[in-house]
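The values are calculated or read from the model by the stated rules, or taken from the named source; none is laboratory data. Model, not experiment: these values are computed from the prediction. Neighbour counts run over all protein chains shown; Cβ positions are idealised from the backbone, glycine included. Side chains are part of the model used for accessible areas, which takes the heavy atoms of the whole protein and leaves out ligands, DNA and RNA. Shrake-Rupley method; radii C 1.70, N 1.55, O 1.52, S 1.80 Å.
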Amino acid sequence: MRKATLYQFSLPMEAGVILRYQRLKTRDGFLVHLQEDGRDGWGEISPLPEFSHETLEQAKISAVEWLQQWIQQRLQKQCLQKQRLQKPWHLNTQPEESDLPSVAFGISCALAELQGELPEIANYRKAPLCTGDPDDVIVRLGNMAGQKIAKVKVGLYEAVRDGMVVNVMLEAVPDLRLRLDANRSWTRTKAEGFAKYVNPDYRQRIAFIEEPCKTREESLAFARETGIAIAWDESVREADFKVETQEGVSAIIIKPTLVGSIDRCRQLITQAHQLGLEAVISSSLESSFGLTQLARLAQWLTPDTLPGLDTLDLMQSQLIRCWPDSDIQCVTFDRTFDRLATVWSRECQ
């Protein structure tokens, strides 16, 4: 038996969540469920507004097309078996991977679970995310065992404020390493202004700034001139990107929903590690369902690196698979049919 189902979900976000140019009121996406001969696998497909190139509707069309092909392969196999014909090579493979990253990633997760390839062990430790008042994050870091790493969104306010926040956090937690994310928001002048406000003694404790400037060339120049390391984030998803050794670059950020399938992510991670670069698996505001799969992926592919998955608190509820020790309400499968709409479903014996 082979069955495929695509569900759609919509989860309320906390007030005030803004992505670049719009306020995000709900997190919308799909769950894909594959079943075959007593085994099953799940994945989340949730393109991120303002960041994903594909829309929700385009993701749905692509996912349904792939699922139809997956079911059809089983039917073709059965037909050939009845005719006692040898199975051609193409029926041993999966349908061609979607060229939409969110679809490719969600379906690859479902296939990996179905085939027993995605390990159950997860890395549920996460780098606390600071988007406003640093005091709350400082308290959380005080209770954090092991290596202390936090992430700060910069570029939303004036450079002097960002510099002051970084100084406060690094001074308050002496063993802290900070990851900063500017989303290409700074001009060279603003980036240099930020660097001036950061205590020179603290700069080496900034693990990296994700894409501080509007172009790669400007970001590389910033790293060379300030001694503050950078990481590639948006660049990783661009067609001409190559993982390579560059002065001032210490890491690449892997956001699977925006990058693509597990195989594509693993390829990038392997290339980074071979060059001595850190690879950090990070979220794209997936639901708790997707975040738990990212935690498993992080433990599998980047076991020595703390993933960037501290986005669950931006949502008002969790979905089916819940993050350990979170006090956010969890909508379990037997209570979630009002939250899940069946978009498409097919079955063949």
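Structure values in brief
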{"quantity": "ASP201 paired with ALA341, simple spin-label distance in nm, labels 7 Å along Cα-to-beta-carbon", "calculated": "5.9 nm"}
{"quantity": "Selected from PHE30, PHE194, PHE105 as most flexible by GNM, with the chain as the system and alpha-carbon contacts under 10 Å", "calculated": "PHE194"}
{"quantity": "Charge tally in the Cβ shell below 12 Å around ARG321, where Lys, Arg are +1 and Asp, Glu are -1, ARG321 excluded", "calculated": "-3"}
{"quantity": "Accessible area per residue, Å², the range 150-255 with all protein chains present, probe 1.4 Å", "calculated": "43 Å²"}
{"quantity": "Accessible area (Å², 1.4 Å probe, nearest 10) - TYR124", "calculated": "90 Å²"}
{"quantity": "Sulfur and carbon atoms: percent of accessible area, the chain [1.4 Å]", "calculated": "48 percent"}
{"quantity": "Label-point separation, GLN147 to GLN22 (7 Å along Cα→Cβ), nm", "calculated": "3.7 nm"}
{"quantity": "Pairs from LYS153/LYS255; LYS214/LYS255; LYS126/LYS148; LYS153/LYS214; LYS126/LYS214 whose Cα-Cα separation, in the structure shown, is over 21 Å", "calculated": "LYS126/LYS214"}
{"quantity": "Positive minus negative residues near ASN167 (Lys, Arg vs Asp, Glu; Cβ under 13 Å)", "calculated": "+1"}
{"quantity": "By accessible area with a 1.4 Å probe, ligands and nucleic acids excluded, highest first: order of ASP201, ASP325, ASP310", "calculated": "ASP325, ASP201, ASP310"}
{"quantity": "Extended-chain gain in nm, criterion 0.36 nm per residue less alpha-carbon gap, GLU244 and CYS348", "calculated": "32.8 nm"}
{"quantity": "Proximal charge balance of GLN35 [Cβ under 9 Å; K/R count +1, D/E count -1]", "calculated": "-1"}
